[in-house]
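Trainee: Mind looking over this structure? Questions follow.
The values are calculated or read from the model by the stated rules, or taken from the named source; none is laboratory data. In this text, all values refer to a predicted model and were calculated from it rather than measured experimentally. Don't worry about glycine lacking a Cβ; one is built from the backbone with ideal geometry, like all the others, and counts go over all protein chains shown.
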Amino acid sequence: MGAITYDIEIPSSIPAAEMFKAVVLNADTLIPKIMPQAIKNIEVLEGDGGVGSVKLVHFGEGSQYKSVKHRVDAIDMENLTHSYTIVEGDALMGGLELITYHVKIVPTEDGGCICKNRSIYHAKDGFELSEEKIKEGKEKGMAMFKAIEAYLQANPEA
């Protein structure tokens, strides 16, 4: 089947640098704190958490999946970009080789930002990824981003 790509853009009133810090640099502790039903915890298995690190994400009780391993491919603090790849786990549904994510936080003129996220699903031959699963992934990503935004709005010192 090859690769399936989808893009989403989510606007926010949070300044780009603050959103990048929360979504990328502090995500391992912040997301389990504000969305424990989605992500229980994140362990660094290899590396220091930066580029080349391998992390094990344990999903919360509200998730249909148990865990995934992902590799940090790139973090660019100057351009506010982050890339990582899910390389193992039940979220690959037995038919995906890997899923790659590219995140870019773009400042807006009003002092907020837009989170641009590209997801690339690399399917094994013969595997059909349904539109429903893609939509589900989009919705979960948007919900997580909006939860982080709401947390930052309620806790400006965070």
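Trainee: Exactly one of these conditions fails for GLU18: (1) among the charged types (D, E, K, R); (2) touching an Asp or Glu at 6+ places or on another chain (Cβ under 6 Å); (3) within 15 Å of ALA147 (Cα to Cα). Give me its number.
Mentor: Only one criterion is unmet by GLU18, namely (2).
Trainee: Let me ask something else. Sort through LYS66, LYS55 and tell me the only one that's more than 18 Å from LYS138 (Cβ to Cβ), surrounded by fewer than 13 Cβ atoms within 10 Å (Cβ to Cβ) and in contact with an Asp or Glu (Cβ under 7 Å, 6 or more places away or on another chain).
Mentor: Just a single option satisfies the conditions, and that option is LYS66.
Trainee: Of the residues MET35, MET93, only one is touching a helix residue (DSSP H, G or I) at 6+ places or on another chain (Cβ under 6 Å) and either within 20 Å of GLY137 (Cα to Cα) or not hydrophobic (A, V, I, L, M, F, W, C) (or both); which?
Mentor: MET35
Trainee: Then there is this: Scan region 18-27 and tell me whether some residue there is surrounded by 17 or more Cβ atoms within 10 Å (Cβ to Cβ), at pLDDT 95 or above, of a type outside the set (A, V, I, L, M, F, W, C) and under 19 Å from LYS138 (Cα atoms).
Mentor: No, every residue in region 18-27 fails to be surrounded by 17 or more Cβ atoms within 10 Å (Cβ to Cβ), at pLDDT 95 or above, of a type outside the set (A, V, I, L, M, F, W, C) and under 19 Å from LYS138 (Cα atoms).
Trainee: Applying the selection to region 69-96, what residues are over 17 Å from LEU45 (Cβ atoms), of a type in the set (A, V, I, L, M), surrounded by fewer than 18 Cβ atoms within 10 Å (Cβ to Cβ) and touching a strand residue (DSSP E or B) at 6+ places or on another chain (Cβ under 7 Å)?
Mentor: Answer for region 69-96, where residues must be over 17 Å from LEU45 (Cβ atoms), of a type in the set (A, V, I, L, M), surrounded by fewer than 18 Cβ atoms within 10 Å (Cβ to Cβ) and touching a strand residue (DSSP E or B) at 6+ places or on another chain (Cβ under 7 Å): just ALA74.
Trainee: May I pose another question? Which residues, counting only those in region 128-153, are hydrophobic (A, V, I, L, M, F, W, C), touching a strand residue (DSSP E or B) at 6+ places or on another chain (Cβ under 7 Å) and at pLDDT 90 or above?
Mentor: Correct list: MET142, PHE145.
For (1) free of Cβ contacts under 8 Å to residues at least 40 places away in the same chain; (2) of a type in the set (Asp, Glu), each residue gets a yes or a no:
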{"site": "GLU18", "(1), (2)": "no, yes"}
{"site": "ASN26", "(1), (2)": "yes, no"}
{"site": "LEU30", "(1), (2)": "no, no"}
{"site": "VAL44", "(1), (2)": "yes, no"}
{"site": "HIS58", "(1), (2)": "yes, no"}
{"site": "LYS69", "(1), (2)": "yes, no"}
{"site": "ASP73", "(1), (2)": "yes, yes"}
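Trainee: Please verify whether region 120-141 includes one or more residues that are touching a Phe, Trp or Tyr at 6+ places or on another chain (Cβ under 7 Å) and not in a helix (DSSP H, G or I).
Mentor: Yes.
Trainee: Out of (1) surrounded by fewer than 19 Cβ atoms within 10 Å (Cβ to Cβ); (2) assigned to a strand (DSSP E or B), what's the single condition that is false for ILE99?
Mentor: So ILE99 meets the others, but not (1).
Trainee: In this structure, does ILE86 turn out to be under 16 Å from THR5 (Cβ atoms) and either modelled with pLDDT of 95 or more or not in a strand (DSSP E or B) (or both)? Outline the logic, then answer.
Mentor: Details: under 16 Å from THR5 (Cβ atoms): yes; either modelled with pLDDT of 95 or more or not in a strand (DSSP E or B) (or both): yes.
So ILE86 fits the description; yes.
Trainee: Here's something else I'd like to know. Could you say which residue among ASP110, ASP125 is touching a Ser or Thr at 6+ places or on another chain (Cβ under 8 Å), more than 15 Å from ALA27 (Cβ to Cβ) and loosely packed, with under 14 Cβ neighbours inside 10 Å?
Mentor: ASP110
Trainee: Spot the failing condition for LEU98; the list is (1) within 17 Å of the chain's Cα centre (by Cα); (2) farther than 26 Å from GLY2 by Cβ, and only one is missed.
Mentor: If we test LEU98 against (1) within 17 Å of the chain's Cα centre (by Cα); (2) farther than 26 Å from GLY2 by Cβ, just (2) comes out false.
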